[in-house]
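See structure below.
The values are calculated or read from the model by the stated rules, or taken from the named source; none is laboratory data. This one's a predicted model, so the numbers in the text were calculated from it and none came from an experiment. Don't worry about glycine lacking a Cβ; one is built from the backbone with ideal geometry, like all the others, and counts go over all protein chains shown.
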Amino acid sequence: MTRRPTIAAAMLAAAPVSPEIPLRDFVRNPARAHLHASGDGRTIAYMPPRERRMSLPVQPAGCDAAPVRATAGKERDVADCFRKGAGRVVRLKDLGGDENTLVVVSHRRGRDAKDLT
């Protein structure tokens, strides 16, 4: 019994080879992630990378005003964030790499940070 090439095999053989994606591009942090509008719609919190770590700035909605950082840490990424009303930002972070997530709430300008865990 002889094998005949199938149509799928012929199509795969004729398909162009995709370029390889460098590993650093594949696992890098996104330019912006987790966008959250405040309850009153006046500010937006989001997570961009800063010094190779995911940070958490807040900026006025609908304008290009400079964002205000709600976090100051550089040792670990902010894992996630969400809003608590118009003036508070809640973030999840890992302290020291032990994979025990802390829940921290602060004013949208980064003041009065309080660990809730």
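So the values come out like this:
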item: Strands (runs of 3 or more DSSP E) contained in the stretch 1-88 and holding at least 1 residues within 21 Å of residue 106 (Cβ to Cβ) and of a type in the set (S, T, N, Q); result: 43-47, 57-60
item: Leading residue by the ranking (surrounded by the most Cβ atoms within 10 Å (Cβ to Cβ)) among those in the stretch 21-37 that are without any contact (Cβ under 8 Å) to a residue 24 or more places away in the chain and closer than 15 Å to residue 77 by Cβ; result: 33
item: Failed condition for residue 73, given (1) touching a residue at least 40 places away in the same chain (Cβ under 8 Å); (2) under 19 Å from residue 117 (Cα atoms); result: (1)
item: Residue 71 vs. criteria of a type in the set (Ser, Thr, Tyr), modelled with pLDDT of 85 or more and on the phi < 0 side of the Ramachandran plot; result: no
item: Residues satisfying the stated conditions in the stretch 38-56, i.e. among the acidic types (Asp, Glu) and either touching a Leu at 6+ places or on another chain (Cβ under 8 Å) or touching a residue at least 24 places away in the same chain (Cβ under 8 Å) (or both); result: 40
